[in-house]
Amino acid sequence: MKTPIYDFVTRYAESGASRMHMPGHKGIGEIERFDITEVFGADSLYEANGIIRESEKYAGELFGADTFYSAEGSSLSIRAMMYLVSLFSKTNGRPCKVLAARNVHKSFVYAVGLLDIDVEWLLPNENESYLSSSLDGAFVERALLAMDEPPLAVYVTSPDYLGRTLPIADIAEVCHRYGTLLLVDNAHGAYLKFLNPSRHPIDLGADICCDSAHKTLPVLTGGAYLHISRAAPAYLSENAKRALALFGSTSPSYLILASLDRANAYIAGGYRERLAEFSAKVDRLKSEILNNGYALFGDEPLKLTLLTKKYGYLGYELAERLMLDGIVCEFCDPDHLVLMLTPENTDEDISKLKRVLLSIERREEIATMPPKTIMPMRKVSVREALLSACVSVSPRDAAGRVLASVTVGCPPAVPIIISGEVIDDDCISAFEYYGIDEVNVIC
Ligand SMILES: Cc1ncc(COP(=O)(O)O)c(C=O)c1O
């Protein structure tokens with residue numbers, strides 16, 4: 001597969017051109033020499049009709065979708081996705097209401113705040129972490145039936161931060177029966193497309209999704225996709241560039257665009273086989289860990305999420321233990337340790353991880369439970385809360401006040417409560433449990 005953006009920046013770097021244009025580094029330096037701006041022939045991301053459009057077409061062929069690049073992560077794709085939904089509601093005269101599973105990433109909260117979109121929340125079941133919910137088609141259908149009229153869109157995160165994927169085909173079938181679009185935050189699942197069979201949301205019936213290419217494919221941080229299903233209303237694809245441009249920088253990084261471009265050739269050149277082989281190795285690793293008494297969570301093939309308390313440790317403790325051997329995790333909290341693996345990890349990485357995990361002595365299970373699902377009272381809209389003057393206070397001093405900006409640990413950047421909601425005792429206990437010591441409340 002051709003790599004028009006990468007080829008262009010490489011040729012330009014080697015051309016010896018006198019750069020009388022941005023950026024200010026003038027190509028001096030090992031990284032900088034590949035970093036260009038929209039010089040003649042380089043195309044322009046939001047008005048693409050040259051090498052960028054060609055490269056996006058290749059990506060679209062690989063993903064079987066109308067695919068658009070983001071050089072600002074899935075965060076940008078999510079803002080664009082929500083703007084598209086908002087535009088779509090205006091063209092067909094339906095209220096812009098979205099039913100969203102509560103474990104959203106904060107970029108969704110920012111998007112609905114900026115666009116003033118009306119959100120109704122789908123809560124997880126009682127004993128589920130605020131990071132993960134087990135909803136399925138029947139769950140979504142009950143929620144749709146409880147509403148006065150079906151919303152314009154349902155929004156879910158799959159895979160979630162803990163590695164649980166949702167039955168997207170099932171949820172899509174329900175949504176489409178009610179004339180509702182299905183939007184999926186697939187930031188963690190770009191690679192799902194290349195499993196056999198594909199487990200990518202677009203193949204399973206989602207109308208729009210975002211993928212952070214940089215999270216699971218060999219792409220520089222910031223490289224992401226906005227995919228629109230070819231079965232979705234054409235209006236969405238027709239307006240995708242406009243939606244991305246509304247929120248994106250006018251100086252997208254060509255390093256990131258070239259990296260997305262190269263990923264196309266990488267994927268076309270035997271990635272499926274490498275992924276199949278690597279997934280089998282991770283499956284074997286998971287079985288060995290389970291046999292040693294560890295408990296795992298989730299079904300995402302390349303994520304390894306340990307329920308650490310069952311092995312007698314807090315997530316933080318196990319993370320520190322792994323660090324002693326130079327193994328750095330993606331995320332930990334009191335209950336979980338999340339490791340993200342890709343075929344770029346070496347056999348040595350995998351055997352070291354196994355060796356270290358199996359060398360850790362099992363202790364008595366820690367019985368404390370994480371806080372229960374919180375659903376505080378809403379006082380003002382997300383938009384009003386995000387745009388209000390605010391002050392930072394300790395969780396104890398926040399009782400009864402309204403949350404302004406979302407309070408998150410980063411990662412995972414999933415809000416414990418949402419802007420505009422009233423902080424009650426359950427929220428305060430949850431903040432304390434997750435070690436949050438400052439909360440922004442409306443003045
Ligand atoms: C579930 C989820 N959605 C969206 C995002 C935002 O992705 P990006 O960092 O590519 O902007 C993240 C980032 O961690 C995430 O975990």
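The numbers here are math on the coordinates, done by the rules we state, and not lab data. All figures in this text were calculated on a predicted structure; none of them were measured in a lab. Please note: Cβ atoms are built from the backbone with ideal geometry, for glycine as well, and neighbour counts cover all protein chains shown.
Taken along the Cα-to-beta-carbon direction at a fixed 7 Å, the label points for THR10 and LEU290 span 4.3 nm. Ranked by the mean number of other Cβ atoms within 10 Å per residue, highest first, peptides 218-226, 156-164, 422-430 order as 156-164, 218-226, 422-430. If the segment from ASP136 to SER394 were pulled out straight at 0.36 nm per residue, it would be longer than the present Cα-Cα gap by 89.2 nm. In region 4-268, the ratio of gyration radius to Kirkwood radius, Rg to Rh, stands at 1.01 when only Cα atoms are counted.
Report the number of Lys pairs in region 4-268 whose alpha-carbons are under 22 Å apart, with separation of 8 or more residues or on distinct chains.
Values: LYS57/LYS193; LYS57/LYS215; LYS57/LYS241; LYS90/LYS241; LYS97/LYS106; LYS106/LYS215; LYS193/LYS215.
Lysine pairs meeting the criterion: 7.
Taking the Cα centre of region 271-359 as origin and assigning +1 to Lys and Arg Cβ atoms and -1 to Asp and Glu Cβ atoms, the resulting dipole is close to 240 debye.
Pull up the DSSP beta bridges for the chain and report the antiparallel fraction as a percent, rounded to 5. Counting only bridges with both partners in the chain, antiparallel ones make up about 60 percent. Could you estimate the translational diffusion coefficient of region 35-128 from the Stokes-Einstein equation, with Rh from the Kirkwood formula over C-alpha pairs, at 20 °C and 1.002 mPa s, in whole µm²/s? After rounding, the answer is 135 µm²/s. Net charge in the neighbourhood of SER249 (other residues with Cβ under 13 Å of its Cβ; Lys, Arg +1, Asp, Glu -1) is -1. Convex hull volume of the C-alpha atoms in region 261-366, normalised per residue: 102 Å³. What is region 382-442 by shape, rounded, prolate or oblate, if you read a ≥ b ≥ c off the alpha carbon gyration tensor as root eigenvalues and call it rounded for a/c under 1.5, prolate for a/b larger than b/c, and oblate otherwise? In terms of gyration-tensor shape, oblate. Summarising the strand pairing of region 4-268, around 35 percent of its internal DSSP beta bridges are antiparallel. Across all directions, the average flat footprint of the convex hull enclosing the Cα atoms of the chain is 22.4 nm².
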